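Here's the structure we're looking at; comments come further down.
The values are calculated or read from the model by the stated rules, or taken from the named source; none is laboratory data. These numbers come from a predicted model, not from an experiment. Counting neighbours? That spans all protein chains shown, and the Cβs are built from the backbone with ideal geometry, glycine included. The protein model used for the area step is the full one, side chains on, heavy atoms only, and it has no ligands, DNA or RNA in it. Shrake-Rupley method; radii C 1.70, N 1.55, O 1.52, S 1.80 Å.
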Amino acid sequence: MKKTVLITGCSSGFGKTSALYFARQGWNVIATMRNTECDAGADLAAMDGVLVTRLDVQDAASIDQAVAAGIARFDRIDALVNNAGFGLFGVFEAMSGDKIREQFDVNVFGVMDVTRALLPHFRHHKAGTIINISSGAGVFTLPMISLYSASKFALEGFSESLSYELAPLGITVKVVEPGGVISTSFGQRSGAEAGHASTLPDYDAFITATSAVFAGLRGQRLATEEDVAKVIYQAATDGTDQLRYVATDDIKPLVKARRESTEADYMQLMRSQFMMR
Ligand code: NAP
């Protein structure tokens, strides 16, 4: 029998590419997005076994409707990919309270609400896989992404704890951690968010120096959306209880440093990159 996945944030980036990838592997796909009247919506709706339906993770009624529509069409949902998210970049002090709350509403509470909507279905079938799209910024942090990182650290803690609770019920939780993939709309949108923040001149020198470090990082060869979609698919299908998947090579040195260095060595490494006196 064909398996079915529900994916959030399919209007672009990893969501769209993963929806296409799962469909090409023979899965049914419930491709959800805030606005279905977009190019991705049309492309996906044209594929066999794909249901395109509206889901805004900040709108509880739309979550319930999307889950119900998916079950009505395919009868069973086997996997959930909590992909929808955005990055609020810039210095913390310049961010408005509304933006900070939106960051957590989408990246954290949105994931919780979609997960909660599917849990009764997964418990009923004593099976299900939940894949949360975190980030390298959920493992280590960098300057000027304090709010994005806080949201992804929260997602990591939530996912790890939930994995213990749900394992006895036959439900598996997984976390996929991509690094920088510049082909999605993510960087552009994060840059736009940073641009909206009012500037505080005291930070100017720090922002200039940090931006130069980031520009160097962006020069490295980066992974593609397809690379990340393959790791998401692997997490859905490998049949293991592996919790975390580092999805791209660019972040592996920093993930290794964070996980395997002493705290003192790790902080010295990071401060040598970013701290100015
Ligand atoms: P993207 O192209 O900007 O896609 C983000 C998706 O999330 C879009 O479909 C967007 O929909 C959706 N979204 C935003 N707010 C939403 C809401 N309230 N309800 C439903 N959907 C919403 O970026 P991406 O790179 O594919 O990002 C996907 C995930 O990967 C995010 O969780 C991000 O944090 C993570 N990630 C990305 C990178 C990277 O470098 N690209 C690295 C690590 C982790 P709209 O079109 O309606 O806004």
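Would it be correct to say that Thr240 is polar (S, T, N, Q) and exposed (fewer than 12 other Cβ atoms within 10 Å of the Cβ)?
It is true that Thr240 is polar (S, T, N, Q) and exposed (fewer than 12 other Cβ atoms within 10 Å of the Cβ).
When segment 127-144 is examined, which residues are found to be among the aliphatic types (A, V, I, L, M), modelled with pLDDT of 95 or more and closer than 22 Å to Arg258 by Cβ?
Ile131, Ile133, Ala137, Val139
Could you please let me know if Gly187 is within 11 Å of the ligand (Cβ to nearest atom) and more than 28 Å from Asp78 (Cβ to Cβ)?
Working: within 11 Å of the ligand (Cβ to nearest atom): yes; more than 28 Å from Asp78 (Cβ to Cβ): yes.
Considered against the rule, which asks whether it is within 11 Å of the ligand (Cβ to nearest atom) and more than 28 Å from Asp78 (Cβ to Cβ), Gly187 comes out as yes.
Being more than 8 Å from the ligand (Cβ to nearest atom) and assigned to a loop (DSSP other than H, G, I, E, B) is the filter; apply it to segment 123-141 and report the residue that is surrounded by the fewest Cβ atoms within 10 Å (Cβ to Cβ).
Lys126
Which of the residues belonging to segment 60-74 are among the aliphatic types (A, V, I, L, M), open to solvent by less than 60 Å² (accessible area, probe 1.4 Å) and within 21 Å of the chain's Cα centre (by Cα)?
Selection gives Ile63, Ala66, Val67.
Among the residues of segment 109-130, is any under 26 Å from Pro253 (Cβ atoms) and not charged (D, E, K, R)?
Taking every residue of segment 109-130 in turn, none turns out to be under 26 Å from Pro253 (Cβ atoms) and not charged (D, E, K, R).
Restricting attention to segment 1-15, report how many residues are at pLDDT 95 or above, more than 7 Å from the ligand (Cβ to nearest atom) and open to solvent by 10 Å² or more (accessible area, probe 1.4 Å). Break it down into steps so the answer makes sense when it comes.
Step one: list which residues in segment 1-15 are at pLDDT 95 or above, which gives 2-15.
Of the ones still in play, those that are also more than 7 Å from the ligand (Cβ to nearest atom) are 2-7.
Keeping just the survivors that are open to solvent by 10 Å² or more (accessible area, probe 1.4 Å) gives 2-3.
So the answer is 2.
Residues checked against (1) farther than 19 Å from Gly110 by Cα; (2) under 12 Å from the mean Cα position of the chain (by Cα):
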| position | (1), (2) |
| --- | --- |
| Ala127 | yes, no |
| Ile131 | no, yes |
| Ser135 | no, yes |
| Phe140 | yes, no |
| Pro143 | yes, no |
| Ser149 | no, yes |
| Glu156 | no, yes |
| Ser163 | no, no |
| Leu169 | yes, no |
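Would you mind stating whether Val176 is open to solvent by less than 10 Å² (accessible area, probe 1.4 Å) and either part of a helix (DSSP H, G or I) or free of Cβ contacts under 8 Å to residues at least 12 places away in the same chain (or both)?
No; evaluated as a whole, the condition is false for this residue.
I'd like to know if segment 26-41 contains one or more residues that are in contact with a strand residue (DSSP E or B) (Cβ under 9 Å, 6 or more places away or on another chain) and surrounded by fewer than 18 Cβ atoms within 10 Å (Cβ to Cβ).
Residues of segment 26-41 in contact with a strand residue (DSSP E or B) (Cβ under 9 Å, 6 or more places away or on another chain): 27-36, 40-41.
This time we only want the ones that are surrounded by fewer than 18 Cβ atoms within 10 Å (Cβ to Cβ), so: 34-35.
Looking through segment 26-41, at least one residue is in contact with a strand residue (DSSP E or B) (Cβ under 9 Å, 6 or more places away or on another chain) and surrounded by fewer than 18 Cβ atoms within 10 Å (Cβ to Cβ).
Just to verify a result, which residue in segment 75-122, among those that are β-branched (Val, Ile, Thr) and away from the ligand (no atom under 16 Å from the Cβ), is most open to solvent (accessible area, probe 1.4 Å)?
Restricting to residues being β-branched (Val, Ile, Thr) and away from the ligand (no atom under 16 Å from the Cβ), the top hit is Val91.
Would you confirm whether any residue within segment 159-171 is more than 27 Å from Phe74 (Cα to Cα) and open to solvent by less than 20 Å² (accessible area, probe 1.4 Å)?
No, there is no match, as no residue in segment 159-171 is more than 27 Å from Phe74 (Cα to Cα) and open to solvent by less than 20 Å² (accessible area, probe 1.4 Å).
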